[in-house]
Amino acid sequence: MSGAHTRKLSAAESIRKFCVACMGGSYVLVSECAQTDCPLHAYRLGQAGEAARPPVRTIRRQCLACCCGNREQVRACAASPSCRAPFDPCPLWRFRLGSRPEIFERRRKKARRTLLTLPGLVIEKPANQEAS
Ligand code: SF4
Ligand code: SF4
């Protein structure tokens, strides 16, 4: 086992890798890609203009298209970096939920800690606090 550390790709780099795979490894075909309706098109060269939506949101769109709009299927996508045959790892997998995994996890932990309140919902005080 090698101790080499593999740097994780950014969202834009992951899109680039996905596009190169989509075009059978041809960088020329990626640059010539005419599929302007593909969600990844603006990022196929690795970066997009300032007007483009953020790359993680772009990946989310692509993943929803890949799974016919089914969010649960996107979440359950089996094409992780550690997947085995018959699956192949998908370069977009880390970002399929629409944010960087670290940020997604931080948000989820925060949501667990936050008490949800609904308009009109009255939370009664415990009996020992009413008499004071
Ligand atoms: S923009 Fe879409 S169709 Fe074009 S190379 Fe990338 S993934 Fe393939
Ligand atoms: S990460 Fe999964 S859902 Fe997203 S494009 Fe790749 S295979 Fe499809």
Only residues that are more than 8 Å from ligand 1 (Cβ to nearest atom) and either charged (D, E, K, R) or touching a helix residue (DSSP H, G or I) at 6+ places or on another chain (Cβ under 8 Å) (or both): list them for the range 4-19, please.
-> Arg7, Lys8, Leu9, Ser10, Ala11, Ala12, Glu13, Ser14, Arg16, Lys17
If we ask which residues in the range 37-69 are exposed (fewer than 13 other Cβ atoms within 10 Å of the Cβ) and assigned to a helix (DSSP H, G or I), their number turns out to be 0
Over the range 76-106, the set of residues away from ligand 1 (no atom under 16 Å from the Cβ), under 19 Å from Ala65 (Cβ atoms), without any contact (Cβ under 8 Å) to a residue 40 or more places away in the chain and under 8 Å from the mean Cα position of the chain (by Cα) is Leu97
Where Cys66 falls short, out of the listed (1) more than 11 Å from ligand 2 (Cβ to nearest atom); (2) free of Cβ contacts under 8 Å to residues at least 40 places away in the same chain; (3) closer than 19 Å to Phe104 by Cβ; (4) not aliphatic (A, V, I, L, M) | (1)
Going through (1) modelled with pLDDT of 95 or more; (2) within 12 Å of ligand 2 (Cβ to nearest atom) one by one, Gly98 fails only at (1)
Answer from Glu32, Glu72 - the residue that is surrounded by fewer than 16 Cβ atoms within 10 Å (Cβ to Cβ), within 14 Å of ligand 1 (Cβ to nearest atom), of a type in the set (D, E, K, R) and farther than 23 Å from Thr6 by Cα | Glu32
Looking at Ser10, Ser26, which is the one that is more than 14 Å from ligand 2 (Cβ to nearest atom), under 19 Å from the mean Cα position of the chain (by Cα) and not aliphatic (A, V, I, L, M)?
-> Ser10
Scan Arg53, Arg44 and give me the residue that is closer than 22 Å to Pro101 by Cα and within 8 Å of ligand 1 (Cβ to nearest atom).
-> Arg44
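The values are calculated or read from the model by the stated rules, or taken from the named source; none is laboratory data. These numbers come from a predicted model, not from an experiment. Backbone-built Cβ (ideal geometry, glycine too); neighbour counts: all protein chains shown.
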